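See below for the structure under consideration.
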Amino acid sequence: MGQKTRIHLWVFLLVGLFGGETYLAPPPEDTSLEPHAPSIRWKSQIALRSDVIKTPSLISRLKNLFTGTPQQIFIRPSALIKDDRGNLWITDPGDHCIVKINQQAGEITHLRPPKPLQLSSPIALTRGLQQQIYITDSATGQIVVLDSRSQTFRLLNDTLRLARPTGIAYLRKNNQLWVVETGKHRIAVLNPHGRIIRYIGQRGDAPGEFNFPTFIHIDENGIVYVVDSMNFRIQLFHSSGEWMSMFGSIGDATGYFARPKGIATDSYGHIYVVDALFNAIQLFNRKGDFLFYFGEPGRDAGQFWLPLGLFIDADNSIYVADSYNGRIQIFEFVQGGNHE
């Protein structure tokens with residue numbers, strides 16, 4: 001659905017697994033949607049305290065007056081989820097914390113565990129039972145549990161050490177945690193106590209094998225989507241762990257991948273994949289056919305700078321962790337024609 005946009009090889013090689021701060025690649029060239037086709041509409045962003053707190057405190061106003069700069073909420077947001085009460089929970093490895101945001105109440109809370117527990121590099125998070133939030137710490141190899149009610153932290157299993165854990169998802173059907181173990185090129189399946197049930201995959205490019213996988217998503221039907229980043233594809237698994245299918249390959253045109261990261265699905269079954277190098281989000285149908293994309297490099301509304309995770313709520317609002325722009329951008333899906 002679009003003409004190819006070239007990616008310089010030296011740019012491609014110099015950007016690391018989680019992207020680089022300097023080197024950017026252009027997104028696929030823009031395409032015109034057919035009449036009545038689905039589209040994405042930009043809604044808002046969360047970057048400054050004033051985006052959430054409409055009536056700042058006296059201390060905040062004095063700080064802005066003396067510093068002359070607005071107060072940033074994030075340093076480098078990585079991934080996020082939204083709970084049933086409308087709270088956003090965002091990992092910020094740049095600030096070594098979890099940020100809780102309640103826009104309706106105008107509340108921002110930066111949460112850090114007490115020592116000796118720490119969040120060295122929180123990457124992704126997922127909700128489990130009893131309002132528990134599970135967080136991967138890529139630097140320590142641990143899974144940290146945050147009780148969203150008491151806002152207290154603990155280790156899931158103090159003997160568990162994973163090799164660079166990144167993406168994490170909760171499989172409600174089987175009461176399991178699926179954790180992407182990037183350093184071992186596999187998925188670790190855990191029980192609620194953090195004990196290993198089994199591993200899925202090994203390094204390679206055959207079906208069911210991985211090459212530096214990163215993010216993971218499990219939809220309402222229990223289908224597991226794994227971003228096999230350096231194989232430049234998405235792999236799908238049954239909740240049993242059985243391999244289903246895959247789509248995607250390396251390329252510099254729409255429908256291909258350069259550095260795939262976050263993944264999610266909406267209520268229509270569309271699959272959204274963040275591409276950090278393209279600075280765009282691509283949409284696919286259930287069969288893996290490319291539909292369209294949105295986003296381009298930049299700092300304005302609807303533009304990105306090395307985006308990472310995303311989350312889609314029940315209303316099909318799309319939350320994107322625009323990492324190096326230090327913000328969360330919010331979009332909405334506008335349904336059009338049938339693309340199944």
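A simple spin-label model places the labels of GLU107 and MET244 3.6 nm from each other, with each point 7 Å out along Cα-to-Cβ. Measuring nothing but protein heavy atoms, the accessible surface of segment 237-340 at 1.4 Å probe radius is 45 percent carbon and sulfur. The relative contact order of segment 222-340 comes to 15 percent, based on Cα pairs under 8 Å that sit 6 or more residues apart. Straight-distance candidates among the aspartates and glutamates for linking to LYS54, with alpha-carbon spacing under 18 Å and chain neighbours fewer than 8 residues away dropped: GLU107. About its Cα centre, segment 258-340 has a charge dipole of approximately 280 debye under the convention of +1 per Lys or Arg Cβ and -1 per Asp or Glu Cβ, with nothing else charged. Antiparallel beta bridges, as assigned by DSSP with both residues in segment 208-340, represent about 95 percent of the total such bridges.
Using a 10 Å cut-off on Cβ atoms, rank the peptides 112-120, 99-107, 125-133 from the highest mean neighbour count down.
Values: 112-120: 13.3, 99-107: 15.6, 125-133: 17.2.
Descending mean neighbour count gives 125-133, 99-107, 112-120.
Counting heavy atoms of the protein chains only and a 1.4 Å probe, report the per residue accessible area for segment 108-207 as a whole number of Å².
On the way: 4530 Å² over 100 residues.
Here the residues of segment 108-207 average 45 Å² of exposed surface.
The listed peptides 155-162, 293-300, 254-261, ordered by packing as a protection proxy, come out as 254-261, 293-300, 155-162 (highest mean of other Cβ atoms within 10 Å first). From the largest down, segment 194-340 spans 43, 34, 29 angstrom on the principal axes of its Cα atoms.
Of the listed peptides 44-54, 195-205, what is their order by residue-averaged count of other C-beta atoms within 10 Å, with the highest listed first?
Details: 44-54: 16.9, 195-205: 14.5.
Descending packing order for the listed peptides: 44-54, 195-205.
Whole-Hz Karplus values for segment 302-313 come out as x, 9, 9, 9, 6, x, 10, x, 8, 9, 10, 8 Hz, taken residue by residue from phi with 6.51 cos²θ - 1.76 cosθ + 1.60 and θ = phi - 60°; glycine and proline positions read x.
For segment 259-340, the solvent-accessible area works out to 28 Å² per residue, with a probe of 1.4 Å and every protein chain left in place.
If the segment from ARG299 to GLN151 were pulled out straight at 0.36 nm per residue, it would be longer than the present Cα-Cα gap by 50.0 nm.
Of all aspartates and glutamates in the structure, those lying under 13 Å Cα to Cα from LYS173, and not within fewer than 8 positions of it along the same chain, are ASP219, GLU220.
Here segment 62-204 is treated with +1 on each Lys and Arg Cβ and -1 on each Asp and Glu Cβ, and its dipole about the Cα centre works out to around 420 debye.
Which of the pairs LYS82/LYS184; LYS43/LYS82; LYS184/LYS261 have their Cα atoms more than 19 Å apart in this structure? Display every interim value, and only then the final one.
Working: LYS82/LYS184 29 Å; LYS43/LYS82 16 Å; LYS184/LYS261 17 Å.
Over 19 Å apart, Cα to Cα: LYS82/LYS184.
Centre-to-centre, using Cα atoms only, segment 119-172 and segment 235-251 are separated by 24 Å.
The values are calculated or read from the model by the stated rules, or taken from the named source; none is laboratory data. Fair warning: this is a prediction, and the values are worked out from it, not measured in the lab. With ideal geometry, Cβ positions are generated from the backbone for all residues, glycine too; neighbour counts draw on all protein chains shown. All accessible areas refer to the heavy atoms of the entire protein, side chains included, with ligands and DNA or RNA removed. Shrake-Rupley method; radii C 1.70, N 1.55, O 1.52, S 1.80 Å.
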